[in-house]
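Trainee: Next up is a structure, given as structure tokens.
The values are calculated or read from the model by the stated rules, or taken from the named source; none is laboratory data. Values in this document were obtained by computation on a predicted structure and should not be read as measured data. Cβ atoms come from the backbone with ideal geometry, glycine included; neighbour counts cover every protein chain shown.
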Amino acid sequence: MRLAEAWRVALDALRANRLRSMLTMLGVIIGVAAVVALVAIGTGTKQQIENQVEGLGSNLLLVVPGRIQAGSAPTSSPLTLDDIDAINRVVGDRSRVAVTIASGETVRAGSRTGFASMQGVLETTPTVFVRNLDRGSYLTRTDVSTGRRVAVLGAGLARTLFADRDPIGRQITIGGVRFRVIGVFEPLGQSLGVDRDGEVHVPVTAAQRLLGTERIDGIAIRAPDRDRIGDLSTAVVAALTDRHPDTDFSAVTQEQILGVLGDILGVLTGVLAAIAGISLLVGGVGVSNIMLVSVRERTKEIGLRKAVGARPRDIGLQFLLEAVLLTTTGGILGMLLGGGTALLVDRLSPVPAALTWWSMALAFGVSAAVGIIFGVVPAQRAGRLDPVVALRTE
Amino acid sequence: MTAAIVADDVSRTYQLDGVSVPALRGVSLTVDPGDYVAIVGTSGSGKSTLMHLLGGLDRPTGGTLLIGGRDVSTLSPDEMAALRNTTIGFVFQSFHLLARTTAQDNVGLPLVYRGVGRRERRERAATMLERVGLAHRITHRPNQMSGGEQQRVAIARALVTGPSVLLADEPTGNLDSATGQSVLALLESLVDDGVAVVLVTHDRDVAARARRQIVMKDGLISETR
């Protein structure tokens, strides 16, 4: 029998039982759609987080005291602004080095109160990270060197404290100390689960005085290019270890952060895809089941075809193609459904989704393979039917 | 002239739950081209088993069976399928037409397994339907036709491959007597064309029209008329 003929016979058989074919396909459709949609959501989330990490700035090197290790206690920092001078000498460019000392503080403006993450910083923050101002100006070098009490508000904090009024030039208190607002950031949203719009930036010197400390918590350095990150990291850690022999220092790059996050999200996506894959498998079992019913139902037809000259393999091929047609059609519909679902989720919900060609190809390939694997047994059974027995069946 | 079918001391024993049940116990018979044979007998006499063997649907467990000059014991399942396709035409009591399929495509079905293309199949099927008097029913489906018409379609299907033997199992069993007569007349016209027709029936009147009658009883030929 020609292959084209076998396809036609398989298609006719599926058309003859439209409802049953649709319901059988539904199992495959749901399985494939689940794989495509869940992988898209996993991929989209991964891309979003990567964008957030990359959105911090480029070629960043973060230096903190202690070892960066899950579960290790935070180390109290021995770093001071004197260390920054040493680092500036290593880096050779003051504008590439940012520092932070952070503390949660109550912020008031008149009768309004907000809780903010106060960041004591250098004037270099906007050149090291990506932080754009919506209005006003950022801290200056003089603000930092004189410890002037000026503040730049995150967009969310500005709205909490001033609603629709212009905050520039107005007084606020941070931890009970008066500051003057000189700028407001553009909204940034969350990055890595932290609300960046609830920050207030003040000169590091003013923050240290407010907190009664000389310490700084962390240092960020922007390397001139990617190739310099490694050397810079070694040099900076060496310089700091030289000044504080009793303390470990860790330097992490964005690539390292992305690598760790990427691994975690990759595993999560894999688990999601595996769970969806199980439903695809269940769909395949449904196909097998229906094909066995179909073989039994059409026993007489098989007997007749054999009587007029069909070989066992002709009959087997007919039923195998029927199963493959069911699962591949279901696979295509499932790809469309899953792709559509992913696009809708991306558009209508905060969950990001990104379609990938490999997940579509994989889901389709698996559904076709499911058709072959689960179609073989019914097809063999059909092919081996004894024509005498088959013709006698009523 | 070589015989279409030669059966020599053919037996067929079934194994049912480990028990040997003989259905045929040594039957010898020759069917020549243009022969018109009726096999009669009560149910359980072995006549259906004999027909299945003669049609290459089953193999004997003893004796020698030649179909179209070929010893079936030497043939693979695929070769048996090809033999059925080229040498034998079947007509069944319940027609065995594919529902949802037109008369034309039902008749063309055996040609599918010969690799004949769709257009040629339809041409040959149309010719054959014309020959059985159904030129006007080409695009009709089985459920749109009478029993007699369906049996004519089945006969056209049996003939489309140009077989040397036509095996008919109770071909008039589901038909009223007038329709049955015309179907028999159609089968008899084939005999004149040199096709061997073997009828299996328990109807004495039908059997009486054949040139030879073979009466089966308990798996043996009890009488030849």
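Trainee: Residue under question is B:GLY41, and the condition is that it be at the interface with chain A (Cβ under 10 Å from one of its Cβ atoms), within 26 Å of B:GLY148 (Cα to Cα) and surrounded by 16 or more Cβ atoms within 10 Å (Cβ to Cβ); does it hold?
Mentor: On the way: at the interface with chain A (Cβ under 10 Å from one of its Cβ atoms): no; within 26 Å of B:GLY148 (Cα to Cα): yes; surrounded by 16 or more Cβ atoms within 10 Å (Cβ to Cβ): yes.
For B:GLY41, the condition - at the interface with chain A (Cβ under 10 Å from one of its Cβ atoms), within 26 Å of B:GLY148 (Cα to Cα) and surrounded by 16 or more Cβ atoms within 10 Å (Cβ to Cβ) - is not met.
Trainee: Hey, B:SER94 hits all of (1) within 28 Å of B:ALA38 (Cβ to Cβ); (2) surrounded by fewer than 15 Cβ atoms within 10 Å (Cβ to Cβ) but one; which does it fall short on?
Mentor: Condition not satisfied by B:SER94: (2).
Trainee: Moving to a separate point now. Out of (1) within 10 Å of chain A (Cβ to nearest Cβ); (2) free of Cβ contacts under 8 Å to residues at least 40 places away in the same chain; (3) part of a helix (DSSP H, G or I), what's the single condition that is false for B:LEU111?
Mentor: Result: B:LEU111 fails condition (2) only.
Trainee: While we're looking at this one, here's another question. Could you identify the single residue in A:ARG305, A:ARG381, A:ARG313 that is under 25 Å from B:ALA81 (Cα atoms), more than 42 Å from the chain's Cα centre (by Cα), assigned to a helix (DSSP H, G or I) and away from chain B (no Cβ under 14 Å)?
Mentor: Numbers: A:ARG305 fails: away from chain B (no Cβ under 14 Å); A:ARG313 fails: away from chain B (no Cβ under 14 Å).
Just one listed residue meets the conditions, A:ARG381.
Trainee: Additional query: Counting only residues that are of a type in the set (Val, Ile, Thr) and under 24 Å from B:ALA82 (Cβ atoms), which one in region B:17-36 is farthest from the other protein chains (Cβ to nearest Cβ)? So that I can check it myself, show each step before the final result.
Mentor: So the first thing to find is which residues in region B:17-36 are of a type in the set (Val, Ile, Thr), and the list is B:19, B:21, B:27, B:30-31.
Still in the running and under 24 Å from B:ALA82 (Cβ atoms): B:30-31.
Details: B:THR30: 23, B:VAL31: 18 Å.
Among residues in region B:17-36 that are of a type in the set (Val, Ile, Thr) and under 24 Å from B:ALA82 (Cβ atoms), the one farthest from the other protein chains (Cβ to nearest Cβ) is B:THR30.
Trainee: Could you please find all residues in region A:211-233 being in contact with a strand residue (DSSP E or B) (Cβ under 8 Å, 6 or more places away or on another chain) and either free of Cβ contacts under 8 Å to residues at least 60 places away in the same chain or β-branched (Val, Ile, Thr) (or both)? Quick ask: steps written out before the conclusion?
Mentor: Initially, region A:211-233 is screened for residues in contact with a strand residue (DSSP E or B) (Cβ under 8 Å, 6 or more places away or on another chain), giving A:211, A:213-223, A:229, A:232-233.
Once the filter is applied, which keeps residues that are in contact with a strand residue (DSSP E or B) (Cβ under 8 Å, 6 or more places away or on another chain) and either free of Cβ contacts under 8 Å to residues at least 60 places away in the same chain or β-branched (Val, Ile, Thr) (or both), region A:211-233 yields A:THR213, A:ILE216, A:ILE219, A:ILE221, A:ILE229.
Trainee: Taking only region A:332-355 into account, find how many residues are outside any helix (DSSP H, G or I) and either closer than 17 Å to A:SER367 by Cβ or within 14 Å of the chain's Cα centre (by Cα) (or both).
Mentor: Initially, region A:332-355 is screened for residues outside any helix (DSSP H, G or I), giving A:349-355.
Now restrict to residues that are either closer than 17 Å to A:SER367 by Cβ or within 14 Å of the chain's Cα centre (by Cα) (or both): A:350-355.
Summing the residues that are outside any helix (DSSP H, G or I) and either closer than 17 Å to A:SER367 by Cβ or within 14 Å of the chain's Cα centre (by Cα) (or both) in region A:332-355 gives 6.
Trainee: How many residues are among the basic types (Lys, Arg) and closer than 21 Å to A:ARG170 by Cβ if we restrict to region A:95-130? Please lay out each step first, then the result.
Mentor: Let us first name the residues in region A:95-130 that are among the basic types (Lys, Arg), namely A:96, A:108, A:112.
Subsequent filtering for residues that are closer than 21 Å to A:ARG170 by Cβ retains A:108, A:112.
Number satisfying all stated conditions: 2.
Trainee: Something else: Of all residues in region A:69-89, how many are modelled with pLDDT under 85 and surrounded by fewer than 15 Cβ atoms within 10 Å (Cβ to Cβ)?
Mentor: Qualifying residue count for the region: 8.
Trainee: Right, here's the next one. So, in region B:156-189, exactly how many residues are within 19 Å of A:LYS306 (Cβ to Cβ) and either hydroxyl-bearing (Ser, Thr, Tyr) or part of a helix (DSSP H, G or I) (or both)? Walk me through it before giving the result.
Mentor: The initial filter retains those residues of region B:156-189 that are within 19 Å of A:LYS306 (Cβ to Cβ), namely B:157-161, B:163, B:165-169.
Narrowing further to those that are either hydroxyl-bearing (Ser, Thr, Tyr) or part of a helix (DSSP H, G or I) (or both): B:157-159, B:161.
Selection size over region B:156-189: 4.
Trainee: From the list B:THR74, B:THR64, B:THR102, B:THR127, exactly one residue is within 14 Å of chain A (Cβ to nearest Cβ), surrounded by fewer than 22 Cβ atoms within 10 Å (Cβ to Cβ) and either of a type outside the set (Lys, Arg) or in contact with a Phe, Trp or Tyr (Cβ under 6 Å, 6 or more places away or on another chain) (or both). Which is it? Can you show your working first?
Mentor: On the way: B:THR74 fails: within 14 Å of chain A (Cβ to nearest Cβ); B:THR64 fails: within 14 Å of chain A (Cβ to nearest Cβ); B:THR127 fails: within 14 Å of chain A (Cβ to nearest Cβ).
Being within 14 Å of chain A (Cβ to nearest Cβ), surrounded by fewer than 22 Cβ atoms within 10 Å (Cβ to Cβ) and either of a type outside the set (Lys, Arg) or in contact with a Phe, Trp or Tyr (Cβ under 6 Å, 6 or more places away or on another chain) (or both) holds for just one of B:THR74, B:THR64, B:THR102, B:THR127, which is B:THR102.
The rows are residues; the columns are (1) surrounded by 24 or more Cβ atoms within 10 Å (Cβ to Cβ); (2) in contact (Cβ under 8 Å) with a residue 40 or more places away in the chain; (3) in contact with a Cys (Cβ under 7 Å, 6 or more places away or on another chain); (4) not aliphatic (A, V, I, L, M).
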{"position": "A:MET291", "(1), (2), (3), (4)": "yes, yes, no, no"}
{"position": "A:GLY334", "(1), (2), (3), (4)": "yes, yes, no, yes"}
{"position": "A:LEU337", "(1), (2), (3), (4)": "no, yes, no, no"}
{"position": "A:THR341", "(1), (2), (3), (4)": "no, yes, no, yes"}
{"position": "A:LEU344", "(1), (2), (3), (4)": "no, no, no, no"}
{"position": "A:LEU348", "(1), (2), (3), (4)": "no, no, no, no"}
{"position": "A:ALA354", "(1), (2), (3), (4)": "no, yes, no, no"}
{"position": "A:PHE374", "(1), (2), (3), (4)": "yes, yes, no, yes"}
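Trainee: Yes or no: region A:35-56 includes at least one residue that is in contact (Cβ under 8 Å) with a residue 60 or more places away in the chain, surrounded by fewer than 16 Cβ atoms within 10 Å (Cβ to Cβ) and in a strand (DSSP E or B).
Mentor: Within region A:35-56, none of the residues are in contact (Cβ under 8 Å) with a residue 60 or more places away in the chain, surrounded by fewer than 16 Cβ atoms within 10 Å (Cβ to Cβ) and in a strand (DSSP E or B).
Trainee: Residue by residue through region B:184-223, note down the ones that are of a type in the set (S, T, N, Q) and buried (at least 18 other Cβ atoms within 10 Å of the Cβ).
Mentor: As a first pass, look at region B:184-223 and keep what is of a type in the set (S, T, N, Q): B:189, B:201, B:213, B:222.
Hits for region B:184-223 are B:THR201, B:GLN213.
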